[in-house]
1. If packing is taken as the mean number of other Cβ atoms within 10 Å per residue, what is the order of 222-228, 242-248, highest first?
2. Which order do the peptides 115-122, 183-190 come out in when sorted by mean C-beta neighbours inside 10 angstrom, highest first?
3. Report the Cα centroid-to-centroid distance between region 111-137 and region 160-197 in angstrom, as an integer.
4. Would you mind computing, in nm to one decimal, how far apart the modelled labels at GLU221 and ALA186 are, each placed 7 Å from Cα along Cα→Cβ?
5. Strictly greater than 24 Å: what percent of every Cα pair in region 111-237 meets that?
Amino acid sequence: MPASEETGSGPVIHDHRRIDPVTGQVRGKHAASKPAGTRGAGRPAPGSEAAGSQAAGSQPAGPGEDQPEEKLEERDAAEAGQEKAQQKAESPEEAPEMVTGQVIKDGKKAVGAEAQLAERTADLQRLQAEYANYRKRVDRDRAAVREQAVAGTLIGLLPVLDAIDQARDHGELSGGFKSVADSLQAALGRLGLVTYGEKGDPFDPKIHEALTHSYSSDVTEDTCVEILQPGYKVGERILRPARVAVAEPATGPDGSSNEPEWPASEEGN
């Protein structure tokens, strides 16, 4: 736009149009792309009226006047660069790519955090299971060691218990000796010692030891008809099997005799 300012010598007009109205050519730096040998863009031929007005406008601008054309062009170029950068930042084609890249980056971080969390959780669960198994194993070993120690002690006292039983059978267990025997048997019972073996029990080779064998028509299966020495156990551990006399049925299910037939001895002539 033309600007005018009154000075002491009269009004001065500056023409900042980029297209020369007389020649139709581009002025200033826009004419740099023209071939060599051509006249400067925006400069009319010598002697023309436009040349005079351009010469008048080439005077240095004083305070308050418009800036030179070179500074205006630099300012325009800077503003154009800023607008281009702003348009590039706000371009709808690049914005989705930036957003997509950020989303992918955040997604990778989230996946990595979830993987670390799952790994740490698995480690804690494995350690907890190992510790629980360790405690069970220690408790089981401790109980086994205690049972073994108690069993060893009780096995050493079994002859004493046999002597007490024999004294009782013969009526010699009385007075202070009887009190000591009862206290000893009560103490051993608190340690888990159990006495087993009763007359009439079915014979079981796992817990009974047969010292004698006979046939009887009063039994229908192998039966302990007499307890020679009682058996002792702690829990499921047999310290000593019961020593018994076993009677076998005299006849089988079909009525045949189970007793063996001994061959008759031959008499000499």
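Computed from the coordinates by the stated procedures, all read-outs in this text should not be read as laboratory data. None of the values given here were measured: they were computed from a predicted structure. No Cβ is skipped: glycine too gets one built from the backbone with ideal geometry, and neighbour counts run over all protein chains shown.
1. Values: 222-228: 17.6, 242-248: 20.4.
Ranking, from highest mean packing down: 242-248, 222-228.
2. Numbers: 115-122: 10.0, 183-190: 12.2.
The densest-packed peptide leads the list: 183-190, 115-122.
3. After rounding, the separation between the Cα centres reads 55 Å.
4. 3.8 nm
5. On the way: 4549 of 8001 pairs.
Looking at region 111-237, the distances longer than 24 Å represent 57 percent of pairs.
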